[in-house]
Amino acid sequence: MNFFTSEFECKIDAKGRLVLPAKIKSTLPESSGNELVIRKGFEPCLILYPMVEYKKLHSRIAGLNEFNPEYRKIQRQFFSGSSVVELDGTGRFLIPKPMMNHAKLERDALVVGMGNKVEIWNPKEYKIHVGDDPEEFSALAQKYLDG
């Protein structure tokens with residue numbers, strides 16, 4: 001199982017390519033090869049999955065009953081907002097333009113390890129959505145992790 005942690009400040013080049021930080025790249029499972037899946041996040045960010053992790057999620061969503069309109073909506077949103085990307089020899093990958101727009105990415109990016117996946121944020125948006133209030137974090141941790 002892969003385990004991604006930490007935050008990394010990165011640059012996106014003029015063609016929309018981002019170099020995956022070495023610590024993230026070294027944690028990728030060998031079974032994923034050079035293929036990753038990038039998806040629009042629920043917030044204005046992108047989520048990057050090793051192929052093995054994406055397949056687990058894909059299986060759950062693809063297995064939803066297509067006769068249920070809410071399930072179809074989930075499937076449409078999830079699958080239309082996902083794309084396979086390939087790392088080149090230097091660890092770069094191209095971020096599709098619609099995804100750049102969704103995450104409000106320009107030149108600067110913050111790559112955040114999230115356990116089994118990685119999020120890619122515009123640093124300003126990250127600060128807005130995550131905040132840095134330790135009391136808020138403590139209250140959430142107590143609410144959801146206590147017991």
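No value in this document is a laboratory result; all are computed from the given coordinates. Bear in mind that the values here come from a model prediction, so they are computed numbers and not experimental data. When we count neighbours, we look across all protein chains shown, and the Cβ atoms used for this are built from the backbone with ideal geometry, even at glycine.
Distance from the Cα centroid of the range 1-69 to that of the range 78-147 is 10 Å (rounded to whole angstrom). Take the Cβ atoms of residue 139 and residue 73, set R0 to 30 Å, and the FRET efficiency comes out at 0.40.
The loop-placed trypsin sites (Lys or Arg not before Pro) in the range 1-59, going by DSSP, that have at most 10 neighbouring Cβ atoms within 10 Å of their Cβ come out as 15. For residue 108, the residues 5 or more places off, or on other chains, whose built amide H falls under 5 Å of its own are 12.
In a DSSP loop and with at most 14 other Cβ atoms within 10 Å, the trypsin sites (Lys or Arg not before Pro) in the range 60-147 are 104, 107. Once both labels are positioned 7 Å from their Cα atoms along Cα-to-Cβ, the gap between residue 64 and residue 106 label points is 3.5 nm.
Among the listed pairs 55/124; 25/104; 40/124, which have their C-alpha atoms separated by more than 19 angstrom in this model? Mind showing how you got there, number by number?
Details: 55/124 31 Å; 25/104 24 Å; 40/124 17 Å.
Check vs 19 Å cut-off fails for 55/124; 25/104.
Taking GluC sites (Glu not before Pro) across the range 1-80, the ones in a DSSP loop with at most 13 further Cβ atoms lying within 10 angstrom of their Cβ are 66. Which value at 222 nm does the chain reach when only helices count, each DSSP H run of 4 or more adding -39,500 (n - 2.57), with the total divided by all residues and rounded to the nearest 500 deg cm²/dmol? Counting only the DSSP helices, I get -10500 deg cm²/dmol. Couplings 3J(HN,Hα) of the range 20-37, computed from phi: 5, x, 4, 5, 6, 4, 5, 8, 4, x, 4, 5, 7, x, 9, 9, 10, 10 Hz, in residue order, whole Hz [Karplus 6.51 cos²θ - 1.76 cosθ + 1.60, θ = phi - 60°; x for Gly and Pro]. Rounded to whole numbers, the Karplus 3J(HN,Hα) couplings from phi for the range 86-97 are 10, 6, 8, x, 9, x, 8, 9, 8, 8, x, 3 Hz, using 6.51 cos²θ - 1.76 cosθ + 1.60 with θ = phi - 60°, and x at Gly and Pro.
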